[in-house]
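Encoded as structure tokens, the structure appears first; notes follow it.
The values are calculated or read from the model by the stated rules, or taken from the named source; none is laboratory data. Keep in mind it's a predicted model, so treat the numbers as computed, not measured. Note that each Cβ is placed from the backbone with ideal geometry, even for glycine, and that neighbours are counted across all protein chains shown.
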Amino acid sequence: AHMNENKEFVLVGGGNAAGYVAHAFVENGIADGRLCIVSKEKVAPYERPALSKAYLFPLDKSPARLPGFHTCVGSGWERQTPDWYKEKGIEVLYDTSVSGLDISLGTLSTKAGGTIKYSNLIIATGSTATRLPEAVGGSLPGVHYLREVEDADSLVSSWQEASKVVVIGGGYIGMEVSAASVSWKLDTTVVFPEKYVMPRLFTPAIAHHYEEFYKSRGVKFEKGTSVKKLVAGTSGRVARVELTNGKVIDADTVIVGVGAKPNVIPFLQAGLKSLEGGIQVDGQFRTSAPGIFAIGDVAAFPLKIYGRTARVEHVDHARKSALHFANVLTHKTTDPYDYLPFFYSRVFEYPGSERKLWWQFYGDNVGDTVEIGDFNPKYAAFWLVSGRIKGVFLESGSPEVKFLCCCFFFGLCLS
Ligand code: FAD
């Protein structure tokens, strides 16, 4: 399919940031006939965090399914179904993968052989889950990765037949998927090389609390070791996991959550400047080429509050970078993006669960920590450098506690 007419705004990527750009374009009256979204996915943009949370509830606990969680329901705004895009005059090219960019011609090429001509380009291609090499068994049937709705569907269909599950990685994905897996009453073991879960964020005390809670729900941990090989059984499906510590765990389903890489190859090959593994942008999301912008996971932007460049692979930034970009474009602001990093997670929250866990984190986890509370149920940690607060972690506080901590944080940060 050759598409030769020039499009004013072309957005590559149909994920979280894309949905919020569409929302902002409509709010500003600049969507109709002017915005075209090119997405590798077959469905309209959705709130991706749901894929490792409500999407994975047991089938009798009303799991989330599309169209339930299209953007921007995560912000309490309109649910933008495929019909919404049609009504608003936003063209969405589904199932279309962009494979090349020619900056001098102002064209994108698609994997299927098409050409798309743009006046302004917005890159919001997000990330891809890191795979284990094929030689290690990373592509065997029964081995799953989790990034898109098709991945979640495939995992759910495996779980319907599964009995022994191994989760590789003790980060976000590993923690959320293993919580879901035991909610399905599946024998679940989490394997990771570090000393404790979520080592890049959690303090030893937070990690201990989480690990004990998970164990009480039946999750087993194999810490300080990693995968040597995923081995197939006679059917060709994964049957066991061999660890570097010599142990062997039987498994009919394996989920790999060992990180993600930004989808930037065609854009860097075209000559856009790279930083932090992503695409370099300024405080207004402009890349090194005029008329080309990057937002969400792929953008390496000046993190003003900490005076350094950052790439943030979290949904709050995907949303806020999309909205800030639209505000710059419509001259609502000339300010650079001034972002306070915010991450969160929630587990065991299916209907009827005795107790759920959730945490929220604001800022930067650098310096010394001060910890308050005993997780019964509340807990807070503060990261301090030279007496100034750099980060706040909250566990299971009420909205009031959250509000107070935010005030405290801003008061001290900005003082
Ligand atoms: P994405 O939402 O990943 O969207 C990128 C889109 O681009 C996708 O539609 C993709 O198919 C498309 N695309 C990629 N390459 C091409 C191409 N070449 N051509 C066309 N289209 C392309 N963050 C949190 O803060 N809290 C959470 O609890 C949380 N949970 C998560 C759970 C899961 C399972 C995952 C995968 C992520 C989670 N995240 C969470 C991270 C968060 O979802 C991402 O940071 C956010 O989605 C990034 O938005 P984005 O628009 O930049 O990229």
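A few remarks follow.
- Within the stretch 143-175, being away from the ligand (no atom under 16 Å from the Cβ), in contact (Cβ under 8 Å) with a residue 60 or more places away in the chain and either polar (S, T, N, Q) or surrounded by fewer than 21 Cβ atoms within 10 Å (Cβ to Cβ) (or both) holds for Q160, E161, A162, S163, K164.
- Pick from the stretch 345-399, criterion among the charged types (D, E, K, R) and farther than 26 Å from V182 by Cα, ranking: surrounded by the most Cβ atoms within 10 Å (Cβ to Cβ): K390
- The lone exception for G74 - which of (1) within 16 Å of the ligand (Cβ to nearest atom); (2) free of Cβ contacts under 8 Å to residues at least 40 places away in the same chain it fails: (2)
- Checking each residue in the stretch 92-115 for being surrounded by 16 or more Cβ atoms within 10 Å (Cβ to Cβ) and farther than 18 Å from V264 by Cα picks out V92, L93, G114.
- In the set (1) away from the ligand (no atom under 16 Å from the Cβ); (2) in a helix (DSSP H, G or I), the condition left unmet by G236 is number (2).
- Considering the stretch 2-32, the residues that are part of a helix (DSSP H, G or I), more than 8 Å from the ligand (Cβ to nearest atom) and aliphatic (A, V, I, L, M) include one that is surrounded by the most Cβ atoms within 10 Å (Cβ to Cβ), namely V21.
- Being within 15 Å of the ligand (Cβ to nearest atom), over 20 Å from the mean Cα position of the chain (by Cα), farther than 22 Å from P351 by Cα and of a type in the set (D, E, K, R) holds for only one residue in E91, E87, and it is E91.
- Conditions (1) part of a loop (DSSP other than H, G, I, E, B); (2) more than 10 Å from the ligand (Cβ to nearest atom); (3) touching a residue at least 24 places away in the same chain (Cβ under 8 Å); (4) of a type outside the set (D, E, K, R): number failed by Y118: (1)
- For the condition farther than 30 Å from P63 by Cβ, of a type in the set (K, R) and touching a residue at least 60 places away in the same chain (Cβ under 8 Å), K195 does not qualify.
- The set of residues in the stretch 143-176 that are touching an Asp or Glu at 6+ places or on another chain (Cβ under 9 Å) and part of a strand (DSSP E or B) comprises H144, K164, V165, V166.
- Residue under evaluation P262, criteria (1) more than 16 Å from the ligand (Cβ to nearest atom); (2) surrounded by 16 or more Cβ atoms within 10 Å (Cβ to Cβ), criterion not met: (1)
- Which numbered condition A322 fails, given (1) within 12 Å of the ligand (Cβ to nearest atom); (2) farther than 30 Å from S183 by Cα; (3) surrounded by fewer than 22 Cβ atoms within 10 Å (Cβ to Cβ); (4) modelled with pLDDT of 95 or more: (3)
- Scanning the stretch 39-54 for residues that are more than 7 Å from the ligand (Cβ to nearest atom) and among the hydrophobic types (A, V, I, L, M, F, W, C), we see that the one that is farthest from E91 (Cα to Cα) is A54.
- Taken over the stretch 266-317, the criterion of being assigned to a loop (DSSP other than H, G, I, E, B), among the small types (G, A, S) and within 13 Å of the ligand (Cβ to nearest atom) is satisfied by A270 alone.
- Note on the stretch 369-394: among residues that are over 26 Å from the mean Cα position of the chain (by Cα) and among the hydroxyl-bearing types (S, T, Y), the one that is nearest to F343 (Cα to Cα) is T369.
- Some residue of the stretch 74-83 being within 14 Å of L121 (Cα to Cα), in contact with a Phe, Trp or Tyr (Cβ under 9 Å, 6 or more places away or on another chain) and at pLDDT 95 or above: no
- Any chance F343 is aromatic (F, W, Y), more than 21 Å from L201 (Cα to Cα) and assigned to a strand (DSSP E or B): no
- Contact map, the stretch 232-257: residues that are of a type in the set (A, V, I, L, M, F, W, C) paired with residues that are in a loop (DSSP other than H, G, I, E, B), Cβ distance under 6 Å, separation 6+ or inter-chain. Pairs shown: A232/L140; V238/L140; V238/G142; A239/G233; V241/A251; L243/T225; V256/L132; V256/Y145.
- Tabulated pairs, the stretch 377-394, first over 18 Å from K356 (Cβ atoms) and touching a residue at least 24 places away in the same chain (Cβ under 8 Å), second hydroxyl-bearing (S, T, Y) and surrounded by fewer than 20 Cβ atoms within 10 Å (Cβ to Cβ), C-beta under 7 angstrom, 6+ apart or interchain: A381/T203; A381/T369
- Test for S178: is it over 26 Å from A44 (Cα atoms), more than 12 Å from the ligand (Cβ to nearest atom) and of a type in the set (G, A, S): yes
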